[in-house]
Amino acid sequence: MRSLILILAVALAACTSPAPRSLGGTSLRWEASPNFDARRPNLVVLHHTSDRTLDEALITLISPWRKVSAHYLIGRDGEIVQLVAEKDRAWHAGASWWGGNTDINSSSIGIELDNNGIEPFAEAQIGALLVLLSDVMSRHNIPGANVVSHADVSPGRKVDPSALFPWRRLAEQGFGLWCDAPLPLAPEALDLTLTLAALGYSPITPEASRQAFLLHHAGGRGILSDAEEKALAYCLFNKKSLGTE
Ligand SMILES: [Zn+2]
């Protein structure tokens, strides 16, 4: 009986395997393994909509002509709207780079916050975001450091969420990296571009990456000296390396 079941299982697997295909002169055949599950996101990218209302943002995010979406949209009142299943690839990041990954849409969850870009983020909205992040990140086992901004992954092209976004508050809950003063003195030879690249920022556009890093991590700290910028990047690098966030 057991061998009959085995034969049936093998026959079924054979039925579901795609036909062999040719790669130039090299043949490729299927041997379907049962050992797999759905691919999972490993990064969360936060955005602001630049819109005045949730309904205005929704029109854009569900219009077949606009070709943009996100997995979630959070209103100023804390309402969470899901637009794309987490297993599917939402179109929120566009041309992007993070840690050498150039297809951020394939590996991330995109969350839009309804905000016009110059207003403070509403308390109810941030509360809802924290609840959503806790749920998403625990289900997919996403490291705490892997919460970034659209500006981080698309430097020079995007500046959302704005400098008013409360990154420090998120980090207190374990979402994203943050360093407070006093910062450790960075080694004299430390290269800012390389350190930012180790955090994930693109080394292809170093000045744009530096600006994105400052928008995210130095918002509200005023102008930093070169030494302070290096100290900040060094502190974040240490936190990321140690997995303390
Ligand atoms: Zn965005």
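Observations
- Set of aspartates and glutamates near Lys240 by C-alpha distance (under 16 Å), chain-local residues within fewer than 8 positions excluded: Asp152, Glu172, Asp180
- Shape category assigned to the chain from the gyration tensor of Cα positions, a/c cut at 1.5: prolate
- Residues Thr26, Thr193, Thr49, sorted so that the one with the fewest Cβ neighbours within 10 Å comes first: Thr26, Thr193, Thr49
- Whichever lysines have a C-alpha closer than 21 Å to that of Lys158, once near sequence neighbours (fewer than 8 apart) are set aside: Lys67
- For a straight C-alpha distance cut-off of 20 angstrom, the aspartates and glutamates reachable from Lys87 (same-chain residues fewer than eight places away being disregarded) are Asp37, Asp103, Glu112, Asp135.
- Distance between the C-alpha centres of region 132-155 and region 57-121: 12 Å, rounded to the whole angstrom.
- Per residue convex hull volume, Cα atoms of region 192-242, in Å³: 66
No lab work stands behind these numbers, since they all come straight from the coordinates. This is a predicted model, so every value here is computed, not measured. Positions of Cβ are backbone-derived with ideal geometry, glycine not excepted, and every protein chain shown enters the neighbour counts.
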